[in-house]
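Worksheet: the structure to be examined is printed underneath.
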Amino acid sequence: TFARHVANRSEFMRLRRRLETMGGADMTTPEGILDFIAELTWDDLPPQVRRQSKLCLLDLIGVGAGGAGTKLSRIIRDYSALDMGGALPMMFDGRGASVSGVALAGGMTIDALDGHDGFNPAKGHAGCGVLPALYGLAQELGDVSGQEFLLCLTLGYELACRTAMAQHASVPDYHTSGAWVAVAVAGLAARLMGLDRAQTAHAMGIAEYHGPRSQMMRCIDHPTMLKDGSGWGAMCGVSAARLAARGFTGAPALTLSTDHWRDLGDTWLICQQYFKPYPVCRWAQAPIAAVLDLQKRHGFDSRAITGLHIVSFHESVRLGTKQVTTTEEAQYSTSFPCALALVHGTVLPEHVAEAALDHPEVQRLSSILTMGEDAAANKAFPNRRMARAEITLAAGNRLQSDWFEPEWDPTDPPSKEDLEAKFFNYAGPVLGLARSQATHRAVEALDHTATAQPLLDLLAQPIS
C-alpha cells in the first residue's frame, strides 16, 4: 500500500492530501486523471517509488543495449532513419529520425531482447514503450530535468498499467502491450509538450483508437520480429499527442472511465513490476527455475538426460517452438530456454543470439522436451505463472521438481545489486565497460541533475 512507501504517517497524510486535491477533481474520473497527469510533481512520489524508477530505467537501458545488436533492431533503425527522417538521434544509433521514429526504433530495440520488466495483470510490458518515447521527447525539448525525466517514466508506468487492466477487462482478445502503451505515451507526451486538458484528452483518445490492437498469441504461435507491439505503441502515442497539439480530435478514451483508476496516486504500480533474470518470455521462466533446481539438487550433467517434461499453464505450453533458427523463436519458446539452462547453468543474451542457436546439445534437449497443462496453473494465470519439471536420466532415475514461479516477482524482488549485475551483463558486451559505467553513474545521479541531457547523450551514441 501507499503507506508502506513513505517514512511516517505525517508524510503519508501530506502526500495523500496533495494527490486528493490536484485540480479539485475526483481521481476516478477522466478529468481527475488529466489533472493527475498535469500536476504530479517529484515531491509527490514516495521514496520507494523514486528508487524504483531508477531501477526500472537502468534495467530497460541494459536490455535495450543488448537488443541493439539484433537483426530486428538494425532493420528498424535503418527504416526509421530512411523513412522517418529527422534530426533527433536514435537510441544506441546516433542517426537522426523524427521523434515518432525515435520512439518506434527504441521501443522495438528494447523489445528485441525479451529481458525487460513487466506487469503480471496486464500480461505485458509498460517501460519498453514508455522509455524510448520519453527519450525522444526529451531530446526534442532539450530542457528536461533529471527529476522530470524520472517522474514522467513513473507516470508512464502508472498510466500504461491501468489502461492495460481496463482494456483487458473490456475485450476478449489478448492484445499486445503496444495497444495500451500508446495511451500512456500520449498522456506523458501531452504533459511534456504543455498541452491543455482538452488536448490531452484528445491525444489519449486518438492513441486508444489508433493503438496497435494486435493479437499477441499469433506471435506466440509464430515467433517473428512483430514481438509485443511496444515500439508501434510508442510511435502511436507520440504521434497522437503531436496531432492533438495541431487540433486533431479523437473520441474519448474509454479506458479512462473505469474503476482501475480508483487508487491512482495511492497504489504505485511501478512498484508492482516483475524483473526478468533471463532474456526470454516470462512464461518460460518458471520452467527454467524448475529444471535448474533439479539439476542443482541432483548434480547431473545435461548429457545424462533422456526425458524432459514441463507441466505449466496453457500460455506457457503455447510457447511450442523446439528447433529454433532465429533469436525470436529462441525467446518465444519454453523448450529451448530450458535446454539452454541445463547446458549452460543460466540463460544470457549471448545464448539466444542467432550465432549460438545451433548448439547440438541444446538442440537435442529442446527436441525431446514435452509439455502438458495443469488446471491449477491455468486458474492462477496471469497473476501467478506456475510450472514444475520432470526429468528422466539415462540410469532410469525419474526426478520431479516442486512447483515453481518465476524469480524476481514483485513479491520477491531482486536486490539493487542483482539488477546492477544484470545491467553490466547485458550492456557491457555491447557498450563496453567504460560507457556502461558512465551510464550507470548517470542513472544514479539523475534525480540530482538539472538536465537529463548527459544520460541522453550516452544513450544516443552508436554501438560499434
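Residues in the range 150-190 that are charged (D, E, K, R) and within 23 Å of Leu45 (Cα to Cα): Glu158, Arg162. Annotation for the range 157-167: at least one member residue is touching a helix residue (DSSP H, G or I) at 6+ places or on another chain (Cβ under 6 Å), among the polar types (S, T, N, Q), part of a helix (DSSP H, G or I) and open to solvent by less than 10 Å² (accessible area, probe 1.4 Å).
Looking at the range 369-399, which of the residues that are among the aliphatic types (A, V, I, L, M) and in a strand (DSSP E or B) is most open to solvent (accessible area, probe 1.4 Å)? First the steps, then the outcome.
Keep residues of the range 369-399 that are among the aliphatic types (A, V, I, L, M), which gives 369, 371, 375-377, 380, 386-387, 389, 391, 393-395, 399.
Cutting the leftovers down to in a strand (DSSP E or B) gives us 369, 371, 387, 389, 391, 393, 399.
Values: Leu369: 1, Met371: 49, Ala387: 0, Ala389: 0, Ile391: 1, Leu393: 24, Leu399: 24 Å².
Once the filter is applied, the top-ranked residue is Met371.
Considering only the range 25-47, I want to know if a residue exists there that is within 22 Å of Gly233 (Cα to Cα), crowded, with 23+ Cβ neighbours inside 10 Å and not hydrophobic (A, V, I, L, M, F, W, C). The answer is no; no qualifying residue exists. For the range 330-352, a tally of residues being surrounded by fewer than 16 Cβ atoms within 10 Å (Cβ to Cβ) and assigned to a loop (DSSP other than H, G, I, E, B) returns 2. Only one of the numbered conditions (1) surrounded by fewer than 20 Cβ atoms within 10 Å (Cβ to Cβ); (2) within 18 Å of Thr346 (Cβ to Cβ); (3) among the β-branched types (Val, Ile, Thr) is violated by Ile288, and that is (1). Applying the condition of being within 18 Å of Leu104 (Cβ to Cβ) and open to solvent by less than 10 Å² (accessible area, probe 1.4 Å) to the range 212-227 and asking which residue is modelled with the highest pLDDT yields Lys227. Considering only residues in the range 56-78 that are open to solvent by less than 10 Å² (accessible area, probe 1.4 Å) and free of Cβ contacts under 8 Å to residues at least 60 places away in the same chain, the one that is nearest to the chain's Cα centre (by Cα) turns out to be Gly67.
Within the range 102-121, residues that are under 14 Å from Gln285 (Cβ atoms) sit with their Cβ atoms under 9 Å from residues that are of a type in the set (Ser, Thr, Tyr) and surrounded by fewer than 24 Cβ atoms within 10 Å (Cβ to Cβ), at 6+ positions apart or across chains, in these pairs: Asp117/Tyr274; Gly118/Tyr274; Asn120/Tyr274.
Could you tell me which of the residues Thr327, Thr321 is touching an Asp or Glu at 6+ places or on another chain (Cβ under 6 Å), surrounded by 24 or more Cβ atoms within 10 Å (Cβ to Cβ) and not aromatic (Phe, Trp, Tyr)? So that I can check it myself, show each step before the final result.
Numbers: Thr321 fails: surrounded by 24 or more Cβ atoms within 10 Å (Cβ to Cβ).
From the options Thr327, Thr321, the qualifying one is Thr327.
Answer with yes or no whether Arg364 is open to solvent by 50 Å² or more (accessible area, probe 1.4 Å), assigned to a helix (DSSP H, G or I), over 26 Å from His116 (Cβ atoms) and touching a helix residue (DSSP H, G or I) at 6+ places or on another chain (Cβ under 7 Å). Outline the logic, then answer.
Working: open to solvent by 50 Å² or more (accessible area, probe 1.4 Å): yes; assigned to a helix (DSSP H, G or I): yes; over 26 Å from His116 (Cβ atoms): yes; touching a helix residue (DSSP H, G or I) at 6+ places or on another chain (Cβ under 7 Å): no.
No.
The set of residues from the range 369-400 being over 17 Å from Pro337 (Cα atoms) and touching a Leu at 6+ places or on another chain (Cβ under 9 Å) comprises Thr392, Leu393, Leu399, Gln400.
For the range 175-190, the criterion of being over 20 Å from Asp259 (Cα atoms), part of a helix (DSSP H, G or I), out of contact with any Gly (no Cβ under 9 Å at 6 or more places or on another chain) and modelled with pLDDT of 95 or more is met by at least one residue.
Considering the range 228-249, and only residues there that are part of a helix (DSSP H, G or I) and not small (Gly, Ala, Ser), the residue that is least open to solvent (accessible area, probe 1.4 Å) turns out to be Val238.
The values are calculated or read from the model by the stated rules, or taken from the named source; none is laboratory data. Model, not experiment: these values are computed from the prediction. Don't worry about glycine lacking a Cβ; one is built from the backbone with ideal geometry, like all the others, and counts go over all protein chains shown. Heads up: the accessible areas ignore ligands, DNA and RNA and are worked out on the full protein's heavy atoms, side chains in. Shrake-Rupley method; radii C 1.70, N 1.55, O 1.52, S 1.80 Å.
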